[in-house]
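Asks: Dropping a structure here in structure tokens format, bear with me for questions.
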Amino acid sequence: MTQIRKVPFNAGAEWLLAGFGLLRKAPLALGLLGVIWGALSMLAAMSGQLWLTFIVAVLGPILFGGMIYAAREVDQGRSAQPAHLAQGVREGKLPRLLAMLLPQIAALAILVALLLAMFGPEQLQQMANVMQQLQDNPDPALVESLPTDRMFGWLLLAMVVGVVVGFFTFIAIPDVMFTDRGAFAAMGASFRACVRNLPAVLLLIVLMFIAVIAISIGVNILTALIGFAIGQAAALFVGQLLMMAVLMPVMAGTIYHAWRQMLGDAPAPPVVTPAAGGFEA
């Protein structure tokens with residue numbers, strides 16, 4: 001049985017700060033990996049070919065595994081290289097990394113089933129027609145015709161499903177990259193680690209959400225300024241690359257440190273418990 005360490009509530013904040021710390025340590029090297037990933041995604045989307053977009057999506061766990069490997073290299077005083085994005089393939093871990101897509105496929109199937117159960121095919125078609133009409137005619141009466149209470153309920157369920165499914169892969173990719181554990185064993189260990197350290201993981205989710213909003217605002221401001229020089233279309237492309245150059249290394253570094261504390265080679269910080277009859281300072 002894999003030993004899962006207990007971490008304190010504030011560990012979620014420490015993981016995120018560590019992710020930003022790694023990016024500050026090697027901004028160009030790690031940022032370049034994010035740019036490469038972003039360029040692949042955007043070029044596939046711009047091509048209009050669904051099969052290219054599908055291939056890039058399938059490559060997601062492999063590329064993220066490479067990002068996490070590069071984060072460890074920087075953490076240990078070495079340099080991050082573009083070749084690290086394919087590190088999982090070179091080490092023969094491709095099948096285990098691709099298995100990380102299974103929880104996402106399961107989540108998609110669950111959400112589709114919930115849609116059909118809550119609305120039914122006919123009402124879904126009617127909702128699609130209303131949404132199409134709203135693009136040309138933003139009439140409040142059309143909005144009132146939508147079953148907003150059930151739509152809101154489905155969105156809440158989708159968030160819950162997304163979080164629960166995310167527990168299976170949260171630290172499974174670094175576990176596959178840095179150990180010999182199989183994919184399903186790594187996903188099981190990741191889920192148990194998240195459940196055991198639920199307060200820290202939920203804190204990280206909240207802080208990551210805030211960080212993404214802050215990064216997006218900063219990138220959008222910069223994109224608007226760049227647009228005056230090179231045009232809005234080109235500036236939007238550059239802005240998306242900048243977003244990936246910051247966000248992906250931070251996420252990789254954050255998850256790498258979470259794995260180290262809960263499953264890996266780093267000792268977990270002590271969990272502070274209130275003293276009997278009072279509070280510890």
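Asks: Can you give me the relative contact order of the chain as a percent, contacts being Cα pairs under 8 Å and 6 or more apart? Mind dumping the intermediate values first?
Replies: Numbers: 317 pairs, mean separation 107.9, N = 281.
Contact order relative to length: 38 percent.
Asks: Testing the spin-label approximation: label points 7 Å from Cα along Cα→Cβ at Q126 and L198. State their distance in nm.
Replies: 3.8 nm
Asks: Add -39500 (n - 2.57) for each DSSP H run of 4 or more in the chain, then divide by its residues: what number comes out at 222 nm, to the nearest 500 deg cm²/dmol?
Replies: Helix-only estimate at 222 nm: -25500 deg cm²/dmol.
Asks: What residues of segment 77-108 lie in the reach of a label at V164, counting those whose backbone N is under 20 Å from a point 7 Å from the Cα along Cα→Cβ?
Replies: Label zone hits: 100-108.
Asks: 7 Å from Cα along Cα→Cβ at both M151 and V89: what's the point-to-point distance in nm?
Replies: Here the answer is 4.1 nm between the modelled labels.
Asks: So, one more: Show me, for segment 110-124, the HN-Hα J-couplings you get by feeding each phi into the Karplus relation (A = 6.51, B = -1.76, C = 1.60, θ = phi - 60°), rounded to Hz, glycine and proline as x.
Replies: Working through the residues one at a time gives 5, 5, 5, 4, 5, 4, 5, 5, 7, 10, x, x, 5, 5, 4 Hz.
Asks: Next up: What is the ratio of the Cα radius of gyration of segment 102-223 to 2.2 N^0.38 Å, with N the residue count, to two decimals?
Replies: Numbers: Rg = 19.3 Å, N = 122, 2.2 N^0.38 = 13.7 Å.
Here the Cα radius of gyration is 1.41 times the empirical estimate.
Asks: How high is the FRET efficiency between L116 and L222 when r is their beta carbon distance and R₀ equals 41 Å, given to the nearest 0.05? Kindly include the intermediate steps, with their values, before the conclusion.
Replies: Numbers: r = 43 Å, r/R0 = 1.04.
Once rounded, the FRET efficiency stands at 0.45.
Computed from the coordinates by the stated procedures, all read-outs in this text should not be read as laboratory data. All values derive from a computational prediction rather than experimental measurement. Note that we place each Cβ from the backbone using ideal geometry, even for glycine, and neighbour counts take in every protein chain shown.
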